[in-house]
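Since the structure comes first, as structure tokens, the remarks are kept for the end.
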Amino acid sequence: MIALGLGLVVVLAAVPLLADRIKAASGGVSARFTTARADTAAGAAAAGADTRGRDVLTYRVQVEEGTGLDAEHEARTVHEVLTDPRGWTADGEVAFVPSDSAAADLSVKIATPATVDLLCGRAGLDTGGEVNCRVDNDVVVNLKRWTSGSPQFPGPIEEYRALIVNHEVGHRLGRGHETCPRAGAPAPVMMQQIKGLEGCVANAWPYDADGRYMGGPPVP
Ligand SMILES: [Zn+2]
């Protein structure tokens, strides 16, 4: 918690400068990112990753410069989510392998609200300084949500970060939005839980501990 508090202080101090830079750069130059080394998460993964017979998606993790976030630390967090037994790999068909290449299948970018709006806005998405988006191979995560969670999500911040990663990576895997299947059920990870839970219970994972998909009816 101490580290998080310090991080927020740094972030708040950086915002005015960054906002100026974004404004000045609206002609097309985007903010700068630091990319985590591929071996950061790979080291943690060596124990368990088995990619045989699966579709392998490479991914890299990037943090915007000036946010005070440590790219290696955030990469470990993302990797833990992607390789969790309740994550997307539970389908037995997909595996995630860390990369630090621009050619990665997926780039998780953690950025200030202004940069999120800029990157997502280029694709016509309105993130309003508040939410995350996925554009092509980029999962763009709003620093505000990453560090302070969502009012709709009562669980620990680690769980909310898992929800962000699982939801946006779910889009990259081709999944659309889902709704609450019935009152009291776990909210599908592909539900837009930040907009309200419709009687469901907040949930960060696509699969339960027994490997069952916790889904709901698709949003038309
Ligand atoms: Zn979504």
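Values quoted throughout were computed directly from the atomic coordinates according to the rules given, and no laboratory measurement underlies them. Because the structure is predicted, anything quoted here is derived from the model rather than measured. Heads up, the Cβs are rebuilt from the backbone with ideal geometry, glycines too, and the neighbour counts pull from every protein chain shown.
Below is a table of values for the structure above.
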read-out: Exposure proxy order (Cβ contacts within 10 Å, fewest to most) of Met191, Met214; value: Met214, Met191
read-out: Cβ crowding within 10 Å averaged over residues, with 128-135, 104-111 ranked highest first; value: 104-111, 128-135
read-out: Potential extension, Val56-Ser101 segment - 0.36 nm per residue separation minus Cα distance; value: 14.7 nm
read-out: Packing rank of 84-92, 176-184, 61-69, where each peptide gets the mean count of other beta carbons within 10 Å, highest leading; value: 61-69, 84-92, 176-184
